[in-house]
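Taking it in order: structure first as structure tokens, then the write-up.
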Amino acid sequence: GWEAGAPEFPAYPEIPEVKASVNLIEKTDLNQSYIGIGHLGTTRDNPDYFAIQVMNEIFGTSGFTSRLMRAVRTAEGLTYGVRGGISANYGYPAEAQMYTFTSLENTGYTIDLLKSELARLMEGGVTQEEVDQARQSILNSFVFNFDSTGEVINRLLTYEYYGYPADFLMKYKTSIEQVTVADVNRVAQEYWHPDRMVLMVVGDPEKFDQPLSEYGEVNVVDITIPDPPASEEIPEATPEALARGTELMHAVVEAHGGERLLAAKSVLTKTDITVTTPQGEMGIASESLTVFPDKSWSKLTLPFGTIVRVFDGSEGWQEMGGQQQPARTEDFEKEFARDPDHILRGVDS
């Protein structure tokens, strides 16, 4: 007897205009600085979306062929990876940003180089050869986003949900092919706003080659996570409750293999993940090895580099981009304390 109704979805909240600022997160335990510069981006229903995609490919999203990669990594050797472009979401603006990491003593130099490359794009424009190569690269990779029926259906459902034209997917190829040099040069000038740039740097400011105050008044961002207040007072455990808890934990151990679980000397886990971003799909691979009771090794492979973390039972360290730095012992101890294998093996300890 229920009557069909028409659901009313709330509108997205208004996103305030971004104001230029300089921000610092102090991390004195890092031997690199992490740099992000940007402002609000756009949406995919923007008529200039396809020209922006071609511009992004030329400027900073195409890996080793992009202008940013050639300038910051290949020519100057300042980083392992760098990206930059104007991203687009379906229902609300994404970000326009440039991102990289570098040695602390090259922080200011790298910021200046990112800004100069953006200025070169906006003022000097792009070439016909760059546009031709970018269009071809986008179209060659685009088809791999839809190599199964499920991926096509998911994309069409997304268009339907956000109110996009039903033929948006079919028009993608034609729209990219029609982008011209003039289109790219126009959107570069229209959608990048150097006067609105928010600069965020993570690192040790005492080791920067120049103070961030040269870019404006510095806002120090506190990322300390306070301990949450106790929501309620936890009563003391009774002997009966402890006995019941121990009984339940032994049952869990048995359900996970019993003696075979307890006899295991190590656990190796391998994972492959595909993350969908506004710039396309991004592959992430991870491997982790735990050697009981207190040793671990892990490797996380990202598009811009590989992170390795090691704990030998007493000391920890991590490595990225050929640079190694210590890691806090307590971080590994917390990971062990949350790990189900460690918890189950410690039931009787």
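Given (1) touching a helix residue (DSSP H, G or I) at 6+ places or on another chain (Cβ under 7 Å); (2) among the hydrophobic types (A, V, I, L, M, F, W, C); (3) not in a loop (DSSP other than H, G, I, E, B), identify the lone condition not met by VAL18.
For VAL18, the exception is condition (3).
Considering only residues that are open to solvent by 40 Å² or more (accessible area, probe 1.4 Å), without any contact (Cβ under 8 Å) to a residue 40 or more places away in the chain and assigned to a helix (DSSP H, G or I), look in region 162-173 and name the one that is farthest from TYR191 (Cα to Cα).
Only one residue fits best here, namely MET170.
Within region 134-157, can one find any residue that is touching a residue at least 24 places away in the same chain (Cβ under 8 Å), open to solvent by less than 50 Å² (accessible area, probe 1.4 Å), part of a helix (DSSP H, G or I) and in contact with a Gly (Cβ under 7 Å, 6 or more places away or on another chain)?
Among the residues of region 134-157, at least one is touching a residue at least 24 places away in the same chain (Cβ under 8 Å), open to solvent by less than 50 Å² (accessible area, probe 1.4 Å), part of a helix (DSSP H, G or I) and in contact with a Gly (Cβ under 7 Å, 6 or more places away or on another chain), which makes the answer yes.
Test of understanding: among VAL347, VAL275, which residue is outside any strand (DSSP E or B), open to solvent by less than 60 Å² (accessible area, probe 1.4 Å), out of contact with any Lys or Arg (no Cβ under 8 Å at 6 or more places or on another chain) and modelled with pLDDT under 90?
Just a single option satisfies the conditions, and that option is VAL347.
Residue pairs, Cβ under 9 Å, 6 or more apart or interchain, first in region 249-269 and within 27 Å of TRP297 (Cβ to Cβ) and assigned to a loop (DSSP other than H, G, I, E, B), second open to solvent by less than 70 Å² (accessible area, probe 1.4 Å) and charged (D, E, K, R). List them.
Close Cβ pairs (under 9 Å, with a partner that is open to solvent by less than 70 Å² (accessible area, probe 1.4 Å) and charged (D, E, K, R)) amount to HIS256/ASP341; ALA264/ASP341.
Contact list please: Cβ distance under 6 Å, first residue in region 1-13 and under 13 Å from GLY91 (Cα atoms), second residue open to solvent by less than 100 Å² (accessible area, probe 1.4 Å) and not hydrophobic (A, V, I, L, M, F, W, C), pairs at least six apart or on different chains.
TYR12/GLY91; TYR12/TYR92
One line per residue, one yes/no per condition, for (1) within 17 Å of GLU57 (Cβ to Cβ); (2) out of contact with any helix residue (DSSP H, G or I) (no Cβ under 9 Å at 6 or more places or on another chain); (3) among the hydrophobic types (A, V, I, L, M, F, W, C):
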| position | (1), (2), (3) |
| --- | --- |
| THR110 | no, no, no |
| LYS115 | no, no, no |
| GLU123 | no, no, no |
| THR149 | no, yes, no |
| ALA166 | no, no, yes |
| GLU177 | yes, no, no |
| VAL181 | yes, no, yes |
| VAL187 | yes, no, yes |
| PHE208 | no, no, yes |
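What pairs come up if the first residue lies in region 73-98 and is of a type in the set (Lys, Arg), the second is in a strand (DSSP E or B), and their beta carbons are under 7 Å apart, counting only those six or more places apart or on different chains?
ARG73/VAL82; ARG83/TYR99
Kindly indicate the residue of region 51-88 that is of a type in the set (Gly, Ala, Ser), in contact with a Gly (Cβ under 9 Å, 6 or more places away or on another chain) and over 13 Å from THR110 (Cα atoms) and also most open to solvent (accessible area, probe 1.4 Å) among those meeting that condition.
Once the filter is applied, the top-ranked residue is GLY63.
I'm trying to understand the selection: among the residues of region 302-328, which are outside any loop (DSSP other than H, G, I, E, B), surrounded by 14 or more Cβ atoms within 10 Å (Cβ to Cβ) and in contact with a Gly (Cβ under 8 Å, 6 or more places away or on another chain)?
GLY305, ARG309, VAL310, MET320, ALA327, listed by residue number.
Can you tell me which residue within region 176-189, out of those that are open to solvent by less than 20 Å² (accessible area, probe 1.4 Å) and part of a helix (DSSP H, G or I), is modelled with the lowest pLDDT?
Among residues in region 176-189 that are open to solvent by less than 20 Å² (accessible area, probe 1.4 Å) and part of a helix (DSSP H, G or I), the one modelled with the lowest pLDDT is ILE176.
Would you be able to say whether some residue in region 190-208 is acidic (Asp, Glu), open to solvent by 90 Å² or more (accessible area, probe 1.4 Å), outside any strand (DSSP E or B) and within 28 Å of TYR99 (Cα to Cα)?
So far as region 190-208 goes, yes, one or more of its residues are acidic (Asp, Glu), open to solvent by 90 Å² or more (accessible area, probe 1.4 Å), outside any strand (DSSP E or B) and within 28 Å of TYR99 (Cα to Cα).
Can you name the residue in region 1-50 that is small (Gly, Ala, Ser) and surrounded by 15 or more Cβ atoms within 10 Å (Cβ to Cβ) and is also farthest from GLY125 (Cα to Cα) among such residues?
SER33
Given the criterion of a type outside the set (S, T, N, Q), in contact (Cβ under 8 Å) with a residue 12 or more places away in the chain and farther than 30 Å from GLY124 by Cβ, identify the matching residue among VAL187, VAL198, VAL179, VAL220.
VAL220
Using beta carbons and a limit of 8 Å, which pairs, at least six apart or on different chains, have the first residue in region 109-133 and farther than 15 Å from ALA71 by Cα and the second one open to solvent by less than 30 Å² (accessible area, probe 1.4 Å) and not in a helix (DSSP H, G or I)?
MET122/TRP192; VAL131/VAL179
The values are calculated or read from the model by the stated rules, or taken from the named source; none is laboratory data. All values derive from a computational prediction rather than experimental measurement. For neighbour counting, all protein chains shown are included, and Cβ atoms are generated from backbone atoms with ideal geometry for every residue, glycine included. Please note that ligands, DNA and RNA were not included when accessible areas were found on the heavy atoms of the full protein model with its side chains. Shrake-Rupley method; radii C 1.70, N 1.55, O 1.52, S 1.80 Å.
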